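The structure appears below as structure tokens.
The values are calculated or read from the model by the stated rules, or taken from the named source; none is laboratory data. As the structure is a prediction and not an experimental result, all values here were calculated from the model. In this analysis, Cβ positions are derived from the backbone assuming ideal geometry, glycine residues included, and neighbour counts consider all displayed protein chains. Heavy atoms of the whole protein, side chains included, go into the accessibility calculation; ligands, DNA and RNA do not. Shrake-Rupley method; radii C 1.70, N 1.55, O 1.52, S 1.80 Å.
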Amino acid sequence: PRARGVLTRTKLARLAKRFGFSYSDFDAPPDALLERALAALEASPALAVVRAGRGPIEERFDALAGEAGREDATIGDMTRQAAARVRDEFDRIERAAARRDETRVETVRNQVERLCDALAPWRKPQERVYTVFSFLFEQGWGLIPRLIDELDIESFTLNEVEL
């Protein structure tokens, strides 16, 4: 076992926080990260309307499935299947509304790619791709004592160091 770490910059840390990402999320495919990032941003008015209306409809379907299931198991199953289809359609509508603004989507895609490239290049741990020299050239020799202070070598969890 050895200490593990990831070096990040302030802007990248803020961007990851804005999207609600942690370092472990970067194991996911970039498209999945893009969907999560778009969902985390402020919604368009149409998306807000769809999300507001979705809850009561889903709750009513669930109640209906429970009531119908007590009377007739087959009808209850059919109602649950219909509820699942409705949820899938709501998911599809929400994805369409989130992708509606192509400029916004392209900006978020570029930001997610930048995060992936910096924090988990080629979907590998940063420490396996970048050498410390990349950071030393930018930060100077003062980086070494700072890393010694900030990295917890007794813990085998991932240490995040913001530069």
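Descriptive notes on the structure:
- Computed from Cα atoms alone, the Kirkwood hydrodynamic radius reported for region 99-148 is 12.9 Å.
- Calculated mean projected area of the Cα convex hull in nm² (choose from (i) 9.9; (ii) 11.2; (iii) 13.5), label: (iii)
- Legend: calculated FRET efficiency, residue 144 to residue 10, from the Cβ-Cβ distance at R0 = 22 Å, rounded to 0.05, equals 0.65.
- The chain: angle of helix 30-40 to the longest principal axis, Cα-based, in degrees nearest 10: 70 degrees
- Sites residue 87 and residue 39, calculated FRET efficiency, Cβ-Cβ separation with R0 22 Å, nearest 0.05: 0.90
- Residues whose amide H comes within less than 5 Å of that of residue 9, counting only those at least five positions distant or on another chain, are 163 (H built at 1.01 Å from N in the peptide plane).
- Simple Cβ-charge dipole of the chain, Lys/Arg +1 and Asp/Glu -1, about Cα centre, in debye nearest 20: 440 debye
- Carbon-plus-sulfur accessible fraction, region 1-99 (probe radius 1.4 Å, protein heavy atoms only): 57%.
- With Cα atoms, 0 to 90° folded angle of helix 10-19 axis to the chain main axis: 10 degrees
- On Cα atoms only, tilt of 102-119 relative to the major axis of the chain in degrees: 40 degrees
- Measuring only protein heavy atoms, the 1.4 Å probe finds residue 148 accessible over about 120 Å².
- For region 71-78, backbone phi angles converted through the Karplus equation (6.51, -1.76, 1.60; θ = phi - 60°) give residue-by-residue couplings of 7, 8, 4, 5, 5, x, 5, 4 Hz, Gly and Pro being listed as x.
- Solvent-accessible surface of region 47-163, taken per residue with a 1.4 Å probe and all protein chains present: 69 Å².
- A DSSP coil position with no more than 11 other Cβ atoms inside 10 Å describes the following GluC sites (Glu not before Pro) in region 77-163: 154.
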